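In what follows, a single structure is set out as structure tokens and then discussed.
The values are calculated or read from the model by the stated rules, or taken from the named source; none is laboratory data. From a predicted model like this one, the values you see are computed outputs, not experimental measurements. No Cβ is skipped: glycine too gets one built from the backbone with ideal geometry, and neighbour counts run over all protein chains shown. Side chains are part of the model used for accessible areas, which takes the heavy atoms of the whole protein and leaves out ligands, DNA and RNA. Shrake-Rupley method; radii C 1.70, N 1.55, O 1.52, S 1.80 Å.
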Amino acid sequence: SPDGRVFYVVAQDDMRSPFGYQNNESGKVMAFDSRSLEPVWSVALDGSPNHVSRSPDGRRIYVPLYTRHWMVVLNAGDGSIEQWWPATIGNHATEISADGRRLYVGNMVTDAIYVYDTATGRVILSMDVGESVRPIVLDEPRGLIYYQLSRLHGFEVRRLDDGSFVRRIELPPLEQSIPASGDTLAQRLANLEGAGAWPYTYNHGLAMTRDGRHLVAVATVGNYAAIYSLPDFSLKGTVPVGGSPNWVVCDPEGRFAYVSNPKDDSVSVIDIAAVREAARIPVGKGPKRVAFSVE
């Protein structure tokens, strides 16, 4: 929440489907007190909830449902469903504009980024990006959106106003190509082998410092994080991290970035200015998404 008193957690129910973990058909969104860690509310949902966004005023939670043709808007105070918005299967990542008027939703099935008017729940723009959309970053002062794609070792840039393509930035090349895994799907998923598993994940983790000076891009298959200077996208360097890195957030001052490493159960702390790993923190099993609290 804006005041840091409440945090929100999304859970996907594991249906033990032989076709992959994304075939779950339900889940829940929960709110917890940040100090006591006691539950505040919990709501069960018909559909698989993915990356949620909170409105800047703290009143709403926007929930994409990967397996349904709709999104839901929750009341952040009690978890009740306020609205249902039309959508399509495959909605995965969301980011909200600073003024709360636009919600950007990346889709992994239709290979598009949909822009919703939050006042009406209507799609006002669709960006066809040609590949499954992964993490999204909004650079509103420059009028740009940055995003990663499942089969791209890099990220792309488009304009926020009309969705027009600006450029593609390739991450530093891998030392060797990523071969197709011969293991079963269940084994590949269990081993978190990003590019060898479904959904294909060459890179998963993108974050910009609050001052807009740096962009940190996680290379999941390369086990490193690349640091770029903005607005020219010059590469400052790469930082080796833990196994199969999956997510990154930056602190408000833009000094440190935090990268989750699911394969070795740790979080890497990156000194952005020094372009080095300052610490590696052991955490629980398979860390994925990370949120930063200012408290």
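Structure above, values below:
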read-out	value
Partners for Lys263 among aspartates and glutamates (Cα-Cα distance below 12 Å; same-chain residues under 8 apart left out)	Glu193
Heavy-atom accessible area ranking, 1.4 Å probe, most first, across Arg280, Arg210	Arg210, Arg280
Accessible surface of the chain, 1.4 Å probe, proportion on carbon and sulfur as whole %	50 percent
Gain in span if fully extended, Ala273 to Ala98, counting 0.36 nm per residue against the direct Cα distance	60.4 nm
Helical mean residue ellipticity (222 nm; -39500 (n - 2.57) per DSSP H run of 4+; nearest 500) of the chain	-500 deg cm²/dmol
Solvent-accessible area per residue for segment 1-133 (1.4 angstrom probe, square angstrom)	47 Å²
Computed lengthening from Arg167 to Glu25, 0.36 nm per intervening residue step minus Cα-Cα distance	47.5 nm
Between segment 64-126 and segment 272-293, the Cα center-to-center distance that results, in Å	28 Å
Rg over Rh [alpha-carbon atoms, Kirkwood Rh] for the chain	0.93
Average Cα contact separation per residue, segment 70-114, under 8 Å, 6 or more apart, as relative contact order %	26 percent
Normalised contact order of segment 110-164, rounded percent, pairs of Cα under 8 Å and 6 or more residues apart	26 percent
Protection-proxy order for peptides 47-59, 214-226, 155-167, each taking the mean of Cβ atoms within 10 Å per residue, highest first	214-226, 47-59, 155-167
Förster-model FRET efficiency, 25 Å R0, Asp57 and Phe233, C-beta, rounded to 0.05	0.15
Taking segment 44-177 and dividing mean pair separation by its residue count, relative contact order in percent (alpha carbons under 8 Å, at least six apart)	13 percent
Phi to ³J(HN,Hα) by Karplus 6.51 cos²θ - 1.76 cosθ + 1.60 over segment 237-252, Hz, x for Gly, Pro	x, 10, 10, x, 10, x, x, 6, x, 10, 7, 8, 10, 10, 6, x
Using distinct alpha-carbon pairs, which all enter the 1/r mean, Kirkwood radius of segment 21-177 in Å	16.4 Å
Solvent-accessible ranking of Ile136, Ile89, largest area first, probe 1.4 Å	Ile89, Ile136
